[in-house]
Amino acid sequence: MGQHLMKGNEAVIYGALLGGATHYFGYPITPASEIAHAAADLFPRCGKHFLQAECEVSSISMLYGAAAAGARVITGSSGPGLSLMAEGLSYLSGSELPSVVVDVQRAGPGLGYIWPEQSDYNFIVHGAGHGSHSGVVLAPNSAQEMCDFAYKAFELAERYRCTVFILSDAYIGQIMEPVELPRQIQTNPHKDWALYGDEGSRHNLLSSIYLKLEELEGHNLHLQAKYKRMETEIVDFEEVLTDDAEYLFVAYGISSRICHSAVGELRKKGVKAGMLRPKTLFPFPSVRLRQLAGQVKKMIVAELSNGQMVRDVLLAVQGVVPVDLYNWMGGRIPSTEEIVLRLQKDLAAG
Amino acid sequence: MHTIKHQKARSLYPTFDRKAPGADVSHYCPGCGHGTVHNLIAEAIDDLGIQDRTIFCSPVGCSVFAYYYFDVGNIQCAHGRAPAVASAIRRTHEEAIVISYQGDGDLAGIGMSQIVHAANRGENITVFFINNAIYGMTGGQMAPTTILGQNTVTTPAGRLAANEGFPVGVAEIINSLQAPVFVERVSLAGPVKVMKARMAIRKALRNQVEKKGFSLVEILSPCPVNWKMTAVESRRWLENNLEPVFPVGNLRDLPKGPFDQVDKKKARISDRKILEILGVGEEEVHTGTVRLKEEQNFKIAGFGGQGVLSTGILLANCAIAEGLKTTWLPSYGAEMRGGTANASINISHETIGSPIVSFPNALMVMNLPSLDAFEDTVRPGGAIYVNSSLAPRKVRREDVTAYHIPASDIANDLGGIQCASVILLTVYALVSGAITIETLQKVIPLAIKRKNLVDLNMRAIEVGIAWHRENCPKEEKTTEV
């Protein structure tokens, strides 16, 4: 089977097109620009729509319009762009429109710089924009998963009528790896609720305004029930040597790649390390973490932020097991050796 | 003479439930212009026979509830964003009739960017812009179109140019762009003017049906409640105060747009063709089943332009061809040292964890700064491949194997300095055994598009082999050279 060496940022577009994407709207931003470059090249060649919007406020509004019209629509950006999209993301949730948004996280706050961080976690996972809302958040840690997650994102978005985020980072966007492409193109199904500009869809209304308190309350309860359902239906994670693990790393994205190597090195040194890697950050694998909390001696959350995912881990384990935070900010990336040495030092210190 | 129909347009709902269940009057205030414009648009939709095809994008403001009136496809948009939403719908359904209906705060304030760019792209949509010089729904605040001296709740002493600037002429701004086909400003100040508005609205919609392009009608409209006047007074005030600032009339009416709207159509491409374009199922170059002596943590570094990143990609492609797992990561963030470009390549039989090579067991340096920056990071027992043409000093470490190859000089003699890195890569291949020469020769023509460069690099491989033969006697390979 053919393997293609490609960047994560390119793979996400291959996955999207094979997943039946019909439209790409976006505004360039480093380190996500290759997504727009690949889309600008491949969408028109495949007979699909590509448009560079004037800003992220417009590109997310274009997602809103195209999704309402039944399209399979995707955009890619990074932190500063996502901040601008907050308005549209809230409207997409309010009107329950399916779309796919890729965030290749860079270092913040403000302009920060183009180096990798994982500091958009709180913003993306806990509801980007005003109101009580969220979306599915997928966390790829390889070019292959950038492709695979984009491939399945549209089906998920339509099943739950929500935004599906692909929460990546500068390294997973820039890395080149062999990617095996899905061999079938998904079809974009007809949606009963969408606007097609025809008689059959004429009575459809897409809106997030509810004038009666009871209706808006009901709408909110409906959204929350939907998010709750995701927890039992689509939570996904990878486990590395958890069977007998005493020290469990919890990491996603590029951090999980480094922790994976660290687990290997620690095992060579006789330390029973393991890892749980959430592939879905929303819904979060809380149930499995709670189980593991009864087994391991310690959990170590490794992330490139001030400690954002660690709060979800703490909430999941409810004090049953100590949770340490290994974190880096400003674009600093730990080496495998640094993590190994730190854990060894912590263990020696008791 | 125009005939005025008194029955309700078919594309309006029979009752106006926003007001009250079964109501036959709208929720708009007495004397408000929205109702008049709604009627004119609905009548035009009826007459053009486009009710089923119409998708109406309603704004934020009093007309947020347009969907209570128009029996067409409806979508409610975020404040100011309707033209972006409409642009995307336009690009999804070629035959839909897309209307963006906006007020002055929505269009000329918060949404100025969206309207200007949608107009500039010449989207085949119709925009109805209700300019009543004030914010209605939020309670009478200043609008971008509020005239100088006009009292509002946020300009209680009257709008002052020195503080709030001048009223914005939207029709003039849109008319400054190349793409729109139709721009007209009309007024609802009296029956004759309303008839002119009716004509403009119909024209703007007909243009879209005929796929001519972007049309905008700015409608000067009364807001008696927030102007604090009676309905009759408000029409007089509109005529005497707004019209002098915003002159009514047609600003543009082109027979056709500056480009063919067909450009935005997409050809239907079959799934089979898409799979072909994306390279799905392409045959793989599979040559070897190399057994690695050890996992390769390879770093290549040099000046930009020395082919550092592309040589790394070449190596990764060769590794794939050998049936191995590989990662390639460009220099990035804290990894970027000494002002040099570098790339990390891992090659392994096993799933690769960290793609970052902090401590390589194989380092290839194309220049002196790279040697200085990375020599100390090489793991004991590792190898350093030095382009000695540009890094004229010897490797100082004694616990690594060093290969000093005048690659740039040799490449120059071959007729192209850009193949220096391939000479080094050839020596690396022979020393490490991580990839075979056969694979390198197969992958280069696939990786390099220009024929003359392929030939150059093929000769570079030969020269690399010769250098290795002459400088790396078998027994010396494990000791220092």
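The values are calculated or read from the model by the stated rules, or taken from the named source; none is laboratory data. Since the structure is predicted, the reported quantities are computational estimates derived from the model, not experimental observations. FYI the Cβ positions are ideal-geometry reconstructions off the backbone, even for glycines, and counts take in every protein chain you see. Ligands, DNA and RNA are stripped out before the accessible areas are found, and what is left, the full protein with its side chains, is counted by its heavy atoms. Shrake-Rupley method; radii C 1.70, N 1.55, O 1.52, S 1.80 Å.
Of A:Arg311, A:Arg267, B:Arg291, the residue with the largest accessible area leads and the full order is B:Arg291, A:Arg311, A:Arg267 (1.4 Å probe). Evaluate E = 1/(1 + (r/R0)^6) for B:Cys29 and A:Lys226, where r is the Cβ-Cβ distance and R0 equals 56 Å; express this FRET efficiency to the nearest 0.05. Once rounded, the FRET efficiency stands at 0.90. Backbone phi angles across the stretch B:89-105, fed through the Karplus curve with coefficients 6.51, -1.76 and 1.60 (θ = phi - 60°), yield HN-Hα couplings of 5, 3, 7, 9, 10, 4, 9, 5, 9, 10, 10, 10, 10, 9, x, 6, x Hz in residue order; Gly and Pro are listed as x. Rounded if a/c is under 1.5, else prolate if a/b beats b/c, else oblate: with a ≥ b ≥ c from the C-alpha gyration tensor eigenvalues square-rooted, which is the stretch A:255-350? The shape class here is oblate. Expressed as a whole percent, the accessible area of the stretch B:34-264 that falls on carbon and sulfur atoms is 57 (1.4 Å probe). Please work out how much accessible surface A:Leu205 shows to a 1.4 Å probe, ignoring ligands, DNA and RNA, in Å² rounded to 10. A:Leu205 exposes around 80 Å² with every protein chain in place. With the whole protein complex present, A:Arg332 retains an accessible surface near 140 Å², based on a 1.4 Å probe. Using a cut-off of 21 Å between Cα atoms, the listed pairs A:Lys345/B:Lys293; A:Lys191/B:Lys273; B:Lys299/B:Lys449; A:Lys152/A:Lys279; A:Lys191/A:Lys212; A:Lys7/B:Lys451 include A:Lys345/B:Lys293; A:Lys191/B:Lys273; B:Lys299/B:Lys449; A:Lys191/A:Lys212; A:Lys7/B:Lys451 as exceeding that distance. Summed over qualifying helices (DSSP H, 4 residues or more, each -39500 (n - 2.57)) and divided by its residue number, chain A shows a 222 nm mean residue ellipticity of -13000 deg cm²/dmol.
Neighbouring Cβ atoms from other chains, within 10 Å of the Cβ of residues in B:48-60, number 3 on average.
Each DSSP beta bridge with both residues in the protein assembly as shown is either parallel or antiparallel, and the antiparallel ones are about 30%. Rolling a 1.4 angstrom probe over the protein heavy atoms with all chains in place gives the stretch A:4-233 an accessible area of 31 Å² per residue. For the segment A:327-338, counting C-beta atoms of other chains within 10 Å of every residue's C-beta and taking the mean gives 3. Taken over the Cα atoms of the protein assembly as shown, the convex hull encloses 189 Å³ per residue. Approximating the spin labels as points 7 Å out from Cα along Cα→Cβ, the B:Arg379-to-A:Glu338 distance works out to 1.9 nm.
Solvent-free Debye calculation, one equal scatterer per alpha-carbon of the stretch B:34-264: log10 I(q)/I(0) at 0.17 Å⁻¹ equals -1.21. A full extension of the chain between B:Lys228 and B:Arg252 corresponds to an added length of 5.2 nm, given 0.36 nm per residue minus the alpha carbon distance. Between exposed chymotrypsin sites (Phe, Trp or Tyr not before Pro) in chain B, where DSSP calls loop and at most 16 other Cβ atoms lie within 10 Å, what's the longest gap? Answer from the scan: B:1-258. Chains B and A together bury roughly 5800 Å² of accessible area, counting both sides, with a 1.4 Å probe on protein heavy atoms only. Along the axis of the charge dipole computed for the protein assembly as shown (Cβ charges of +1 for Lys and Arg, -1 for Asp and Glu, origin at the Cα centre), the listed residues B:Ala82, A:Gly76, B:Pro258 are led at the positive end by B:Pro258. With kT/(6 pi eta Rh) evaluated at 4 °C and eta = 1.567 mPa s, and Rh the Kirkwood radius from Cα pairs, the stretch A:42-173 diffuses with a coefficient of 88 µm²/s according to Stokes-Einstein.
Give me the percent relative contact order of chain A, please, defined on Cα pairs under 8 angstrom at least 6 residues apart. Across chain A, relative contact order equals 18 percent. Relative to the dominant Cα principal axis of chain A, helix A:253-268 is inclined by about 20°. Dipole size of chain B about its Cα centre, with +1 on Lys/Arg Cβ and -1 on Asp/Glu Cβ: approximately 1500 debye, rounded to the nearest 20.
Spacing of the modelled spin labels on A:Ala349 and A:Thr187, each 7 Å from Cα toward Cβ, amounts to 6.1 nm. Values of log10 I(q)/I(0) for chain B across q = 0.06, 0.09, 0.10, 0.12 Å⁻¹ run -0.53, -0.70, -0.73, -0.88, by the Debye formula with one identical scatterer at each alpha carbon and no solvent. For the segment A:4-10, counting C-beta atoms of other chains within 10 Å of every residue's C-beta and taking the mean gives 3. Of all lysines in the structure, the ones whose alpha carbon falls short of 24 Å from that of B:Lys8, not counting any fewer than 8 places away in one chain, are B:Lys19, B:Lys193, B:Lys196, B:Lys203. Applying both filters, DSSP loop and at most 12 other Cβ atoms within 10 Å, to the trypsin sites (Lys or Arg not before Pro) of the stretch B:215-247 gives B:Lys228. Each DSSP beta bridge with both residues in the stretch B:34-264 is either parallel or antiparallel, and the antiparallel ones are about 15%.
With coordinates expressed along the principal axes, the C-alpha atoms belonging to chain A extend over 71, 49, 40 Å, beginning with the largest. Name the aspartates and glutamates eligible as straight-distance cross-link partners of A:Lys228: C-alpha to C-alpha under 17 Å, and not fewer than 8 places from it in the same chain. Straight-line reach from A:Lys228, under 17 Å: A:Glu96, A:Glu158, A:Glu217, A:Asp236, A:Asp312.
Distance from the Cα centroid of the stretch B:233-279 to that of the stretch A:170-209 is 25 Å (rounded to whole angstrom). What fraction of the Cα pairs in the stretch B:296-478, stated in percent, has a spacing above 29 angstrom? Tail of P(r) above 29 Å: 12 percent of Cα pairs.
Distance between the pseudo-spin-label points of A:Glu217 and B:Leu177 (7 Å out from Cα toward the beta carbon): 4.4 nm. How many angstrom lie between the Cα centre of the stretch A:233-312 and the Cα centre of the stretch A:85-115? The stretch A:233-312 and the stretch A:85-115 have Cα centres separated by 25 Å.
Once the chymotrypsin sites (Phe, Trp or Tyr not before Pro) in DSSP loops with at most 16 neighbouring Cβ atoms within 10 Å are cut out of chain A, the longest remaining piece is A:1-192. What's the center-to-center distance, using Cα atoms, between the stretch B:94-112 and the stretch B:136-158 in Å? The stretch B:94-112 and the stretch B:136-158 have Cα centres spaced 21 Å from each other.
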